[in-house]
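Report on the following structure.
Laboratory data are not the source of any read-out in this text; all were calculated from the coordinates shown. None of these values were measured; they are calculated from a predicted model. Ideal geometry is used to build each Cβ from the backbone, glycine not excepted, and the neighbour counts take in all protein chains shown.
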Amino acid sequence: MKQQTIHVFKFGGSSLRDAAAIRNVANILRNHKEKRLAIIVSAMGKTTNALETVVEAHAAGTGQAFPILNDIKAQHYRIIDELFDKENEVYSAVNDTFVEIEWVLEEDPHENYDYMYDQIVSVGELVSSRIVAAYLNKVGLPTQWLDARDIIVTDNIFREGWVQWEETLERSARIARPMMDKRGFILTQGFIGSTSENFTTTLGREGSDYTAAIFSYCLDAEDMTIWKDVPGVLTADPRLFENVVKLDRLSYKEAIEMTYYGAKVIHPKTIKPLQNKSIPLFVKSFIDPAGEGTLISDEVEDNYPPMVAVEQDQCLLSISTRDFSFVAEHHISHIFNLVADLRIQVNMMQNSAISFSLIINDIDDKADRLAELLKDKFKVMLDRGLELITVRHYQHDVLENLRRGKIVLLEEKIKDTTVQMAVKDVPVMRRKLVPGKN
Ligand code: ADP
Ligand code: ASP
Ligand code: MG
């Protein structure tokens, strides 16, 4: 008998934000009933943000952790009440999952914040996957629930676990593949994994797209589809720009460049595993599932329109020597060792004889920690709240438009294709109320 090919679908938070959205997902899946399908789901709506506030409240001892958690639980139970009868076993599955957070909150805050974060925040995906799997089973779409932590093994870095590919491949072949041979779908969580000692880890915010790519790679999927609230990959974020157009086709290279620099439609780590096995990626709309979407693949086009990615929360670190000595190789190596240790993403850099400038993602307190570590050797200045604008296939009028109302702190042109600039808004001057008076 010919082995049927495997397909991977991923549904993110916005496609699962309420009961109607979950019904819509089930309707989409009904059209793919005959497929061998692995489904990856994120937490519902903005649950991860809310769970982050539980972690913060618990760490700070504000007394708000339980009340916030209770709101999150109530939101989930409202959705479950709409979708299920009272006797459905999803109630106890969801309840047991939330209890895991309550156990953490009953203890004093763990000394390792990132560890505690992962134990709490991962529950968003565990709960949503229970609900969606139970609903699919209820509406006649047989679905097996799989714990992604049994498959995806990461290192011990909490909040940003790095996949241990050998173990993950082995577990996928041993556990996930035989499940795929049974009837129906398998459904699992995005974003989460586990250390080899079975502690839960997360893969970094918005990491569910990446999970889908990990499964696609490990299961040798025929293709992968991520279902979004946009018609496909657009020339820029429609929340920030007007006149954006959908790209029908995109090469892996274009996709990786745009997502690395902030095109939030796909998590940047998603592309590599797919490219490595030439697995095509479709980005489609869960609002218009019949739409063509965007196909990301090996195919190279040479005629792209200008595409813009904007990354917020950027920090410019201006590092200079204290005694006017040159920034020499050993300095650069020292700076980059620290950057690597702190797992900081560097988006742009420039150097002169006595100074070195870096644009980095200003996440958590990483910029401060780096500045602190550099302080004894260098003079360090931080300029925060910047935007990094990356334009591929630029045209001059597009660049002019983007510079309007902005101060450009650092700009770089890479070949003929890309311009990057770190900008901040021109400050609005206060006007004099009475002319001539100070
Ligand atoms: P998910 O529901 O999977 O979490 P996201 O909300 O993270 O989905 O991603 C979809 C959003 O990405 C869109 O609503 C859009 O605002 C944003 N986005 C940013 N850049 C682009 C782009 N180039 N094309 C399409 N959408 C983009
Ligand atoms: N729920 C996680 C987040 O919001 C992962 C994801 O949605 O991709 O970051
Ligand atoms: Mg998301």
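Taking amide H as placed 1.01 Å from N in the peptide plane, Ser355 has its amide H under 5 Å from the amide H of Val327, each at least 5 places away in sequence or on another chain. For the stretch 62-184, what does the alpha-carbon gyration tensor say about shape, rounded, prolate or oblate, given a ≥ b ≥ c as the root eigenvalues, a/c under 1.5 as rounded, and a/b over b/c as prolate? Here the stretch 62-184 falls in the oblate category.
A simple spin-label model places the labels of Glu301 and Val428 3.9 nm from each other, with each point 7 Å out along Cα-to-Cβ. Please give the residues of the stretch 203-219, grouped as numeric ranges, whose backbone N is less than 17 Å from a label point set 7 Å along the Cα-to-Cβ vector of Gln144. Counting backbone N atoms under 17 Å from the label point, the list is 215-216, 218-219. When DSSP beta bridges are restricted to pairs lying wholly in the chain, around 65% turn out antiparallel. In the neighborhood of Asp362, defined by Cβ-to-Cβ distances under 12 Å, what is the net charge if each Lys or Arg adds +1 and each Asp or Glu adds -1? Its environment carries a net charge of -4.
For Leu373, what charge total do you get from the other residues with a beta carbon under 13 Å from its beta carbon, if Lys and Arg give +1 and Asp and Glu give -1? Value of the local net charge: -1.
Residues Glu106, Glu125, ranked from the fewest to the most other C-beta atoms within 10 Å, line up as Glu106, Glu125. Using the Karplus relation 6.51 cos²θ - 1.76 cosθ + 1.60 with θ = phi - 60°, the per-residue 3J(HN,Hα) values for the stretch 411-420 come to 9, 8, 10, 10, 6, 8, 9, 10, 10, 10 Hz, with x marking Gly and Pro. Residues considered: Arg23, Arg177, Arg404. Largest GNM mean-square fluctuation over the chain, using C-alpha springs under 10 Å, is found at Arg404. When the charge dipole of the chain is built from unit charges on Cβ atoms (+1 for Lys and Arg, -1 for Asp and Glu) and taken about the Cα centre, the candidate among Leu240, Ser318, Ile414 whose Cα reaches farthest toward its positive end is Leu240.
Taking a temperature of 4 °C and a viscosity of 1.567 mPa s, what whole-number D in µm²/s does Stokes-Einstein yield for the stretch 1-95 with Rh from Kirkwood over alpha carbon pairs?
Here the translational diffusion coefficient equals 83 µm²/s.
With an a/c value under 1.5 for the gyration tensor axes a ≥ b ≥ c computed over the alpha-carbon atoms, the stretch 121-233 is described as rounded.
If one computes the Cα centroid of the stretch 339-412 and of the stretch 139-175, what distance in Å separates the two points? After rounding, the separation between the Cα centres reads 35 Å. Applied to the stretch 222-231, the Karplus parametrisation 6.51 cos²θ - 1.76 cosθ + 1.60 on θ = phi - 60° returns per-residue 3J(HN,Hα) values of 6, 6, 10, 10, 10, 9, 10, 8, 10, x Hz, with x for Gly and Pro. With R₀ set to 30 Å, the beta-carbon distance separating Glu102 from Ile175 gives a calculated FRET efficiency near 0.55.
Placing dummy labels 7 Å off each Cα toward the beta-carbon, the span from Asp71 to Phe199 is 3.0 nm.
Assuming charge only on the beta carbon of Lys and Arg (+1) and of Asp and Glu (-1), the dipole of the chain about its Cα centre is about 1200 debye to the nearest 20.
Converting phi to 3J(HN,Hα) with the Karplus coefficients 6.51, -1.76 and 1.60 and the offset θ = phi - 60°, the stretch 159-166 yields 6, 8, x, 9, 5, 9, 5, 4 Hz in sequence order, with x at every glycine or proline.
Projecting the Cα atoms of Gln395, Thr143, Ser92 onto the charge dipole of the chain, computed from C-beta unit charges around the Cα centre, puts Gln395 farthest toward the positive end.
Here's how it looks for Lys10: its modeled amide H is under 5 Å from those of Ile40, Thr225, Ile226, Trp227, which are all 5 or more places away or on a different chain. Straight-line reach from Lys413: taking Cα to Cα under 23 Å and skipping same-chain neighbours fewer than 8 places apart, the lysines in range are Lys253, Lys264, Lys424. Residues considered: Val308, Val127, Val419. Largest GNM mean-square fluctuation over the chain, using C-alpha springs under 10 Å, is found at Val419. Scanning residues 5 or more positions from Val230 or on other chains, those with amide H under 5 Å from its amide H are Phe286, with H placed 1.01 Å from N in the peptide plane. Cross-link pairs exceeding 24 Å between alpha carbons, from the set Lys10/Lys182; Lys138/Lys182; Lys73/Lys182; Lys228/Lys269; Lys182/Lys272: Lys73/Lys182; Lys182/Lys272. Helix-only arithmetic for the chain: the sum of -39500 (n - 2.57) across DSSP H runs with n ≥ 4, divided by the residue total, places the mean residue ellipticity at 222 nm at -10500 deg cm²/dmol. Seen from Val408, the other residues with C-beta closer than 12 Å to its C-beta sum to a net charge of -1, counting Lys and Arg as +1 and Asp and Glu as -1.
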